[in-house]
Amino acid sequence: MKADFGVIGLAVMGQNLVLNVEDKGYTVAVFNRTAERTKEFVEGRAKDKRIIPAYTLEEFVDALARPRKVLIMVKAGAPVDAVLEKLFPLLERGDLVIDGGNSHYADTERRLKEAEERGLLYLGTGISGGEYGALHGPSIMAGGHREGYELVQEIFERIAAVGPEGPCCGYFGQGSAGHYVKMVHNGIEYAIMETIAEAYDLMKRGLGMSPDEMAGVFSDWNGRELGGYLFEITERILRYRDPETGEPLVELILDTAKQKGTGKWSTQSALDIGTPAPTIAMAVFARIISALKDERVAASEVLSGPEPTLGVDRGEFIRRLFGAVYLSVIAAYAQGLRQLRDATAERGYGLDLAEAARVWMAGCIIRSALLVPIRKALLEDPALPCLFLAEPFKSAWGEYNGDLRWVTCLAREHGIPTPAMDSALTFVDAYRAARLPANLIQAQRDFFGAHTYQRIDKEGTFHTDWEAVA
Ligand code: 6PG
């Protein structure tokens with residue numbers, strides 16, 4: 001009896017995916033670099049299940065039915081290459097390798113080529129939803145060889161979370177399309193998390209609200225049009241009390257956010273392809289600044305600023321904060337989707353944006369009620385350049401932009417940093433400006449570097465000897 005599916009890497013994500021696949025009626029072969037973990041798994045969580053342990057890669061490959069379908073769940077970067085180096089030579093033509101980690105898309109392109117040269121199929125696949133999602137239904141974003149996807153489509157559809165528009169897994173195109181979509185998903189994730197953190201800071205430092213009171217606000221918002229997983233867990237985090245001290249745990253956590261790189265890669269790629277993703281970028285920089293804890297503590301003694309207390313009516317502020325958060329969250333999706341649109345043109349992925357919205361509807365970290373109207377807008381106009389141009393987002397901008405301005409003005413006035421909200425506002429203000437001051441920038445470039453400029457009153461490319469004229 002050979003296994004239908006194989007998983008390499010038995011950290012919690014890997015284990016949970018194995019159990020999820022097995023639960024759907026498949027036999028799964030497993031391998032881990034250290035044998036102890038495999039033993040522990042088969043004697044524990046995997047006991048009495050259709051799970052075949054292998055203690056060498058040869059044994060593992062031998063345990064799989066052909067064409068073999070192997071999912072690698074190891075840390076992104078060198079560990080993936082280390083596995084592939086040993087695995088590729090053992091596989092046979094037509095076998096499929098799936099990298100389920102958060103690999104950089106350039107690495108995926110390279111590995112896919114190598115697989116291709118060996119006659120193997122390869123899928124770079126983003127899997128979102130954390131440990132819980134892996135076990136109960138993740139969101140799966142695949143890309144690479146389409147024939148490879150067809151081999152595992154049934155398994156993926158069975159293990160994926162089910163959203164309002166079907167199983168949350170999809171094939172996004174050739175090459176590194178799947179990992180690119182997952183990377184941008186994480187960029188959006190960073191921007192929404194930063195927006196929520198800013199709202200928390202405004203309520204906490206600006207209004208002096210307690211974690212329980214703030215939890216009530218997030219609970220209310222979660223039931224509204226922007227509701228989603230990140231709002232839901234924020235409420236739960238704010239309500240959680242540390243068993244040791246009885247204090248709200250969130251207030252005992254050091255304020256330095258870490259990152260594994262996907263938000264940064266998303267921003268790097270946005271810069272490379274020239275797509276505006278400022279809110280995602282600001283969220284990455286906010287984490288970077290948060291990490292400078294010692295410097296910040298020292299600077300707080302040196303650099304003065306206004307009192308954070310906002311001194312406004314709490315009810316009114318919270319009502320208007322909703323509008324600010326809502327527009328900032330829309331901006332995060334708008335920028336991420338725009339990046340996917342531009343990336344597909346630049347990199348030839350053939351991405352379907354409405355499909356990305358569908359696959360993000362359940363299982364993943366950025367799942368949200370907003371994805372229903374987002375998908376609808378993208379189905380109506382697959383080339384939509386900016387979400388804010390479509391309903392209901394156009395009306396939301398009209399209704400709430402005053403709130404976003406008011407909230408960010410107050411934040412400025414009281415020295416509370418809100419980079420995600422600020423950037424969301426200036427992104428839309430710049431996008432809707434028929435004329436920006438870039439004419440002056442062109443004049444400056446031409447002045448010091450003879451970089452030339454174009455005119456609005458006649459065709460052509462011009463250069464002025466500015467010193468002579470001046
Ligand atoms: C997901 C998450 C997942 C992981 C990120 C966290 O979709 O399930 O995005 O991939 O939690 O790697 O990223 P940072 O460590 O960079 O915050």
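What the table below lists for this structure:
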| item | result |
| --- | --- |
| Accessible surface, the range 1-159, averaged per residue in Å² (probe 1.4 Å) | 43 |
| Efficiency of FRET between Thr245 and Glu43 - r from beta-carbon atoms, R0 51 angstrom, step 0.05 | 0.90 |
| Shape parameters for the chain, alpha-carbon atoms, Rg then Dmax in Å | 24.9, 87 |
| Nitroxide proxy distance, nm - points 7 Å out along Cα→Cβ at Asp212 and Phe462 | 6.8 |
| Met282 - accessible surface, heavy atoms, 1.4 Å probe, Å² rounded to 10 | 70 |
| ³J(HN,Hα) computed for each position of the range 455-462 - Karplus, 6.51 cos²θ - 1.76 cosθ + 1.60, integer Hz, glycine/proline x | 10, 8, 9, 7, 6, x, 10, 10 |
| Expected 222 nm ellipticity per residue - DSSP helices of 4 or more, -39500 (n - 2.57), all of the chain, to 500 | -17000 deg cm²/dmol |
| Over the chain, relative contact order from alpha-carbon pairs under 8 Å, at least 6 apart, % | 13 |
| Label-point separation, His136 to Cys409 (7 Å along Cα→Cβ), nm | 4.4 |
| Helix 393-413 axis, angle to the chain major axis (alpha carbon atoms, nearest 10°) | 70 |
| The range 395-470 - accessible surface per residue (Å², probe 1.4 Å) | 63 |
| Order by protection proxy (mean Cβ within 10 Å, highest first), peptides 78-87, 35-44, 217-226 | 217-226, 78-87, 35-44 |
| Within the chain, percent of DSSP bridges classed antiparallel, to nearest 5 | 30 |
| Folded to 0 to 90 degrees: helix 371-380 orientation relative to the chain principal axis, Cα | 80 |
| Gain in span if fully extended, Glu399 to Asp201, counting 0.36 nm per residue against the direct Cα distance | 68.9 nm |
| Within the accessible area of the range 253-303 (1.4 Å probe), percent carbon and sulfur | 64 |
| Burial order of peptide ranges 240-248, 179-187, 52-60 (average beta-carbon count within 10 Å, highest first) | 179-187, 52-60, 240-248 |
| Placed amide H near Ile98: partners under 5 Å, 5+ positions off or other chain | Val70, Leu71, Ile72, Leu123 |
| Crossing angle, helix 229-239 versus the chain [Cα axis fit, 0-90 degrees, rounded to tens] | 80 |
| Cut-off 13 Å between beta-carbons: net charge of the residues surrounding Glu189, Lys and Arg +1, Asp and Glu -1 | +4 |
| Signed unit charges on C-beta, dipole axis of the chain, positive-most listed residue Ser304, Met183, Leu19 | Leu19 |
| Carbon and sulfur %, accessible surface of the range 316-432 computed with the full protein complex present, 1.4 Å | 55 |
| Carbon/sulfur fraction of accessible area - the range 190-244, other protein chains in place, 1.4 Å, % | 47 |
| Antiparallel bridge percentage (DSSP; both residues within the range 1-142; nearest 5) | 15 |
| For Gln174, distant residues with modelled amide H under 5 Å away | Gly144 |
| Too-long pairs where the Cα-Cα distance tops 19 Å, listed order kept, from Lys86/Lys182; Lys182/Lys264; Lys182/Lys293; Lys182/Lys394; Lys258/Lys293 | Lys86/Lys182; Lys182/Lys293; Lys182/Lys394 |
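The values are calculated or read from the model by the stated rules, or taken from the named source; none is laboratory data. Please read all numbers here as calculations on a predicted model, not as lab measurements. All Cβ positions, glycine included, derive from the backbone under ideal geometry; neighbour counts span all protein chains shown. To get the accessible areas, we keep the full protein, side chains included, count just its heavy atoms, and leave off ligands, DNA and RNA. Shrake-Rupley method; radii C 1.70, N 1.55, O 1.52, S 1.80 Å.
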